[in-house]
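A short write-up of the structure that comes next.
The values are calculated or read from the model by the stated rules, or taken from the named source; none is laboratory data. These numbers come from a predicted model, not from an experiment. Here the Cβ is made from the backbone with ideal geometry for all residues, glycine too, and neighbour counts use every protein chain on show.
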Amino acid sequence: QETKTLLKGFVLSVTGEPLNGASVVVKDHGEGTITSPNGAFQLTISSNKVALIVSAVGYTTKEEVVLVKEAGALVIHLSPGKNVLDEVVVVGYGTRRKADLTGSLTAISEQSLKDVPVANLSAALQGQGAGIDVQKSGGNSHPGAAPSILVRGVRSIDASNSPLIVVDGIPFNGSIDDINTNDVVGVTVLKDASSTAIYGSRGANGVVLVTTNRGRTGKPVVTYSGYGGFTKPSGEYGVMNGPEFENLKKWGLINGNPGKYTGIDDPAFMTDGTFAPEELYGIRHNRSTDWQKEVYRTGFMTDHQVGVSGGADFTQYAVSGGYHKETGVYPGQSFERFSVKLSVDQQLGRLIRFGLNSLDSYTITNGENANPMEQALRASPLASPYDSTGALINYFVPGSANQVWNPLDNFVKGAAVENRKRLNTFNTLYLDVSLAKGLKYRFNAGTEIHTDIYGNFYASNTTNNLGGLSTSTNSTGINTSYTLENLLTYDRTFGGRHKVNFTGLYSLQQYEAQSNSFSDNSITADYLQYYNPQYAANLTGTGSYQKWDIISYMGRLNYTYADRYLLTLTLRSDGSSRLAPGNKYHVFPSAAAAWNINHETFMKNTRTFSDLKLRLSYGTVGNTAIDPYQTLGSLSAINYNFGTAVVTGAYPTNVPNPNLTWEYTSTLNLGLDFGVLNNRVTGSVDLYHEYTNNLLLPESLPPTSGIPNAVLTNIGKTENQGIELQVGAMILQSKGKGAFTWRADLNLYINRGKITRLENGVTQDIANNWFVGHPIGTIFDYKKLGIWQNTGADSALAQKLGLTLTGTGSVIGTIKVADVNGNGKIDAGDRITQGSNQPKWEGGMTNRFSYRGFDFTVVAFARVGGTITSSLFQSGGFVNTYQGNYNNINVNYWTPANHENVYPKPNSASTNTPYSSLLSYFDGTFVKIRSLSLGYTLPRSWLTMTGFHTMRVYATAQNPFILFSPYRNKYGGVDPETAMGSGAGSGNEGAIGINTPSTWSMIFGVNGSL
Amino acid sequence: CQRKLVENPQSILTPAFFKTAQGFQTGLDAAYAGNRNIWGPVDYATMSVPGTDEFITGNDGNNDINKYNSNYTSSTGTLSNVWTPCYTYINTCNGLVDNAVSVTGLDTATRNEMVGEARFLRANYYFLLVQQWGNITLNEHFQSTPTTSAAQSPMADVYAFIIQDLRAAIAVLPPSPQTTGVLAGKATKAAAMHLLSKVYLTRGWSPAAQAGDFTHAFQVADSVIHVLGPANGVYLLQDFGQVYAEGNEANNEVLWSVQHTTNLAYNGSATQNNSGPDNLYCHFWVPKYEVEPGMQRSTLYGRPYIRWVPTLWLMDTAFADKVNDTRYAKSFQNLWLCNFAGSIPVWTSPLPPGAPANAVVGQPKFTLNDTAIFMPGYDVSNAQIAASRYLLIPPRKYSIALSPAMTKYFDINRSNMNAPSIRPIIIYRLAETYLIAAEALLMSGQAAAAVPYINAIRERAAYPTGNAAAMDITAGQVTLDFILDERARELCGEVTRWEDLRRTRTLLQRVQLHNSDGRFTITARDTLRPIPQVQIDATITGPAYTQNPGW
């Protein structure tokens, strides 16, 4: 006799977190459901004993036999596990079963994203997948500064190397900062050409597909997550203290005025104006001001998100609201985001389904350019920021050549104000119509409106204006974009073994941006700041307008035979407005094949492999990520006056390049996916080779060309090849609820890029820093041998090379470089390539331990090799000049007595020590502990009174340690991490500037659901 | 739908605009504005003022180039900072000259005059390049397509092109800056003729010399002095001190100036942050007075960039006569009045021998607005220095931080004490025309004829307190050295000295004699600047760009 029973339960992770969207299917019956965000499910079943197959993205599928009578509050725990074959992953224009994939991609689960609660999505991807390199831009740790993402290295020199971000199927043009990470339930990074080719012209740098939370049928579920914590600088820059600076100044003057002083103890130093009176007071009273300590403070952050989702038979919804705020490590810096998300899905009859999704955010960034560091590092440690009455000095810092303004003046309320307010609304709409069996039409539309209002005001007495006129800037901008897509899909299985899936697309994308900016100075009253230029003087203004369009046609065919042989063919044609007439269209083909080896009959009896798949793909993607109007040339404005008559002139600075065409990249990818011990260990290996053609390069022309600005041209080729390895293993998994588990996920990747061809057989283009056979970002400079010593041998050699040995320009004590070409003198011919910012390898590792309700996660990231350039050491911001005018990095500089062979002599007669760039190259190796997180899932029994179904509390330390970094540990740098290639073409690749120091933070949080 | 792929820019000017009447005018304005990148910033002045017999490097700044030491190389940024804008604005001028025929909407006279202005500016940029670098690239036409190659032209071709431009300009330009309707800073016939005479003079000295160069130089200069000038309001001012008086930059002696304005939005940088094309000449000669007792920085005394200090030769020898010749006193500051009560020194016990009668131990040595620093220009004993109430600095105590300050470019009407100057910069003035005429006569063997030209300058220098007759020289005194010394007295600091010494082949000798910075380091290669490395590095197709000898 059949009885119908309602089976209720929860699907949780082994750490007790509810699993949203997990699939619960009755074995052999096919009935099933999907869990709601609190992990709850209910099923009507018709027997007393059933086997449930429970699966979720990122977890090992589990079969659990349930006796219905005993079931009661059924709780099913799933262990994390990747590469589950039935797992469905989001791919371009659709989803695929993992088993059916032919391309190379990395899927990152919600769990992985939640392990490291961070302010923005790019930071969340750090260390999560092979080939995904996430870096801070130039050492910038401002609140709200989004790190840059590179997929498989730098391939383009000028065009952007940032991947395309696609949110819920629609390209997202806004800042990745505008997406609330709490709304994201999954991220897929498409890496090889076969996966990205369907994004054609915009896919060359990889594609990041972001999926946001949607409602599910069932009782409404309320979730809350929140955290709060603090941020501190990861360290101080190693500048000199009072006595060290006193000696530097003296040595500088001794070397800068040969014969004037008897030595370091010459009493004349104390009376001849070498030191300002305030510094002399400082010397007498052993003052040693730590200006960094004066500048830094503890930053705070807080984040809250409340979500409600649910649905009835035909309608599902999800609503959430979030708030995030963080303040920086100096006053005046903060980032705040308010976000709202709403999604609704509606079924109309049997054939039609439509849905809406709206992601809206409002962000306020304060002090995004606030950077008193240069002044703080240069200020004389013998002086004080306060006068004898304890009041803040509103003037130059004594003893710093009247170039360094008291950096603390910037923190006086209203003195330095900078804020940006952004409103971003991203809306997508779809309409699905089932036309016939297997045949579906989908209309997809997305629109994004982004407004940006920026203002700054710097009073006269700030480091920005050094006592000069107060300045204000006010700018506004609006960007709008839309995407319209018509998709036709046909999905059928013929004869049980022939699976065919066809996707056809026609789409139009348009982006339009306009902005205005007004600057003025000497505003009547400081409190007016930038709000009303009517009361200011010398108003100047600029404006810009941009628009681009892409029209695309795409077709993709997937064919699977007996789940064993898989084939994907894609063809996309894109037309871009940004290229010259005649070159606007390009066709991007790709093909991929895969072989599920373990589905072969000969594998039936091997139990070793639970998964084994070989993949091979080849395809071409393009890149037009260049600014519009580059094919037209342009004039630049310049102001002048003839007596009292003022004029604005315009002169040619950019020449037209009517031949500009597509840059395209062809990739060959060979991959192997494997799973052993019933998928307890899973992984994949990918080998790839990328060929980039018609590189879009900004080429600096010889000055005699009369064209001062670089010309964008299609020249040359680059190649990238690499290996990516991803392995995940459940190392320990003891039986029973709450037992000890240890899971490790490891990814390693190696990328080697190089330029293989330049224009007209040119093999080196020094002016543009391109060298055939070397990677982009190669360092080309003199070869440092050491320091010229005051020995007979060195003097003789210097003389032979025609170097000066007398006066303030004497080379003795300065950097000694090699006469590489052996022509008997040091000249430009002695420059050589010496390394690049390309690391040897990079990798990430996540270890997750759980025991009873506790979970502990460690995420580590390593980069080994590669040369970084630290402008701090290259006297960036005049901090390491060896002149003695300003404070200096504390190094063991050369003196006639110490024979130092690394750091040159101080010299007051030289603004910068010669060959100072050679002081800025460092080994970029480091290992970083990205995060340490300890969580505890409260036992259900504790929650019964609260109404919560689940609750987890945790504490996370973000970026707590930097290990094995010679730059930090040996040379006094703070953080070796830098965005590679983010300043593409600017020559700043791999460069660390003097900016907000790297930070670490500690947060405490709670996640719960009702 | 395909129409969506057509670009219609709405916020940028494209090269087509350059060919319209409006574009033609804005292009010409830009060609003028380009001069602010040359005169005003530190780079070109560094290549012309110090490293000579007049000035050595002061306490601050990048100065290897002025010391001719081995750290001065083709990569020294100063070089490309001058080289690059010259070529950029030459191309602007090329565009104006080439496009002129096809521009519509301008009447012929206006168009011709505008082309004349463009040719004057182009000649001026090329003249600077050829004087500093020798054999350079000569672009005669507008370049509107990218090129990665560059040819070098013989100096002779460059001079010929400059002369051709100036002759064409002279034919169409209005007579002088004083002519009704001519705006300040505009090119005129007077300026073009002055420049042409200087070009002839320079070519006459060079390996590219043509027969008659010195004669031509004299004829053109003399024509400015005696024909064009008098008829068009151009004459020597009575008082040398008025030539560089603040606010008098459009005086009757001025032939051409690079403009700056009190309308800060149209000055070099709107924020007056001393960047880009600002006029910084007001800062370069200011010494480090502000750290001395009783002193602080002020708008009156200026912002001490301390770039250049006078050589002892300039102070003692060139300006040996400080009585009849008023130019030293009118060009240099040697007295600073106390402007800061907070650091006035007090007499300490025991009082030094010879201390002033009213000196009291523990009492301030002087008060606000009393003398705080004084450089008498003659030697005083150490005892006198010790007994002085103010800081007394004889020439033997001049230092690279504190020496007499050249005041020609001082600007007390700047927006604040750190702001750049709002004064126009005088580039060519009639006094130099006289000295060009004199040098041209000397070189064509007519030393005696040069006497009146030199005396005109010298007699004026006596006004109002000196004995003009005592300033006069005779034919026997007219030598190259005398003319160079006279140039130093009249034109010191006026951004022409390095070229003058180089032209007259006296650079090495005079630096070795009078310049303590470069005395032992200057060599024959220093008579030309090295081609900027960026030029050599970026010339990647065609023949390699040849570096100058010895570099």
Practice task
Considering each of B:Ala156, B:Ala217 in turn, give the residue that is crowded, with 18+ Cβ neighbours inside 10 Å and either within 20 Å of B:Asn548 (Cβ to Cβ) or touching a residue at least 12 places away in the same chain (Cβ under 8 Å) (or both).
Solution key: B:Ala217
Problem - Among residues of the range B:1-44, those that are crowded, with 17+ Cβ neighbours inside 10 Å, more than 8 Å from every other protein chain (Cβ to nearest Cβ) and either free of Cβ contacts under 8 Å to residues at least 60 places away in the same chain or aliphatic (A, V, I, L, M) (or both), counted - result: 3
Exercise for the section: Report the residue count in the range A:523-540 for those that are more than 14 Å from every other protein chain (Cβ to nearest Cβ), farther than 19 Å from A:Tyr454 by Cβ and either in contact with a Pro (Cβ under 9 Å, 6 or more places away or on another chain) or among the hydrophobic types (A, V, I, L, M, F, W, C) (or both). Expected result: 1
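This table checks each residue for (1) in contact with a Gly (Cβ under 9 Å, 6 or more places away or on another chain); (2) part of a loop (DSSP other than H, G, I, E, B); (3) touching a residue at least 40 places away in the same chain (Cβ under 8 Å).
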position: A:Gly355; (1), (2), (3): no, no, yes
position: A:Ser358; (1), (2), (3): no, no, yes
position: A:Thr365; (1), (2), (3): yes, no, yes
position: A:Gln375; (1), (2), (3): yes, no, yes
position: A:Pro381; (1), (2), (3): yes, yes, yes
position: A:Ser384; (1), (2), (3): yes, yes, yes
position: A:Thr389; (1), (2), (3): no, yes, no
Fill in the blank from the handout: Over the range B:410-457, the set of residues outside any loop (DSSP other than H, G, I, E, B) and either modelled with pLDDT under 95 or under 24 Å from A:Gly643 (Cα atoms) (or both) is B:Ser421, B:Ile425, B:Ile426, B:Ile427, B:Tyr428, B:Arg429, B:Leu430, B:Ala431, B:Glu432, B:Thr433
Exercise for the section: Out of the residues in the range A:748-797 that are free of Cβ contacts under 8 Å to residues at least 12 places away in the same chain, out of contact with any Ser or Thr (no Cβ under 8 Å at 6 or more places or on another chain) and more than 21 Å from B:Gln533 (Cβ to Cβ), state the one that is surrounded by the most Cβ atoms within 10 Å (Cβ to Cβ). Expected result: A:Leu797
Exercise for the section: Take the residues in the range A:621-646 that are touching a Gly at 6+ places or on another chain (Cβ under 9 Å) and among the β-branched types (Val, Ile, Thr), then tell me which one is modelled with the lowest pLDDT. Expected result: A:Val621
Handout entry: Search result, residues across the range A:636-658 that are at the interface with another protein chain (Cβ under 7 Å from one of its Cβ atoms) and either within 18 Å of A:Pro703 (Cβ to Cβ) or among the basic types (Lys, Arg) (or both)
Key = A:Ile638, A:Tyr651, A:Pro652, A:Val655
Handout entry: Within the range B:448-478, tally of residues that are without any contact (Cβ under 8 Å) to a residue 60 or more places away in the chain and buried (at least 21 other Cβ atoms within 10 Å of the Cβ)
Key = 3
Exercise for the section: Taking the residues in the range A:692-717 that are touching a residue at least 60 places away in the same chain (Cβ under 8 Å) and in a strand (DSSP E or B) as candidates, determine which candidate is nearest to B:Tyr87 (Cα to Cα). Expected result: A:Glu699
Exercise for the section: Say whether the condition of being within 14 Å of chain A (Cβ to nearest Cβ), at pLDDT below 95 and at positive phi is met by at least one residue in the range B:331-353. Expected result: no
Handout entry: Subset of the range A:688-702 that is surrounded by 22 or more Cβ atoms within 10 Å (Cβ to Cβ) and of a type outside the set (S, T, N, Q) - its residue that is nearest to the other protein chains (Cβ to nearest Cβ)
Key = A:Pro702
Handout entry: Condition met for B:Asp325 (surrounded by fewer than 18 Cβ atoms within 10 Å (Cβ to Cβ) and acidic (Asp, Glu))
Key = no
Exercise for the section: May I ask you to verify whether B:Ala150 is in contact (Cβ under 8 Å) with a residue 60 or more places away in the chain, within 14 Å of chain A (Cβ to nearest Cβ) and surrounded by fewer than 22 Cβ atoms within 10 Å (Cβ to Cβ)? Expected result: no
Practice task
Determine, yes or no, whether B:Asn273 is within 10 Å of chain A (Cβ to nearest Cβ), polar (S, T, N, Q) and surrounded by fewer than 21 Cβ atoms within 10 Å (Cβ to Cβ).
Solution key: yes
Handout entry: Residue selected from the range B:70-90 under the condition more than 7 Å from every other protein chain (Cβ to nearest Cβ) and among the hydrophobic types (A, V, I, L, M, F, W, C), by the criterion farthest from A:Gln883 (Cα to Cα)
Key = B:Cys86
Fill in the blank from the handout: Among residues of the range B:45-69 being among the polar types (S, T, N, Q) and touching a residue at least 24 places away in the same chain (Cβ under 8 Å), the residue nearest to the other protein chains (Cβ to nearest Cβ) is B:Asn69
Practice task
Go through the range B:174-195 and give me each residue that's in contact (Cβ under 8 Å) with a residue 40 or more places away in the chain and in contact with a Phe, Trp or Tyr (Cβ under 7 Å, 6 or more places away or on another chain).
Solution key: B:Ala184, B:Gly185, B:Lys186, B:Ala187, B:Ala191, B:Ala192, B:His194, B:Leu195
Practice task
Determine if the range A:298-318 includes at least one residue that is of a type in the set (Asp, Glu) and surrounded by fewer than 19 Cβ atoms within 10 Å (Cβ to Cβ).
Solution key: yes
Fill in the blank from the handout: Picking from A:Ser910, A:Ser850, A:Ser917, the residue that is out of contact with any Lys or Arg (no Cβ under 9 Å at 6 or more places or on another chain) and either within 30 Å of A:Ser13 (Cα to Cα) or not in a loop (DSSP other than H, G, I, E, B) (or both) would be A:Ser917
Problem - Residue list for the range A:413-437, filter: exposed (fewer than 15 other Cβ atoms within 10 Å of the Cβ) and not in a strand (DSSP E or B) - result: A:Lys413, A:Gly414, A:Lys437
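Residue-by-condition table, conditions (1) away from chain B (no Cβ under 14 Å); (2) not charged (D, E, K, R):
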{"position": "A:Ile750", "(1), (2)": "yes, yes"}
{"position": "A:Thr763", "(1), (2)": "no, yes"}
{"position": "A:Ile766", "(1), (2)": "no, yes"}
{"position": "A:Asn790", "(1), (2)": "yes, yes"}
{"position": "A:Leu797", "(1), (2)": "no, yes"}
{"position": "A:Lys816", "(1), (2)": "no, no"}
Practice task
Examine the range B:392-400 for a residue that is under 15 Å from B:Leu337 (Cβ atoms) and away from chain A (no Cβ under 13 Å), and state whether such a residue exists.
Solution key: yes
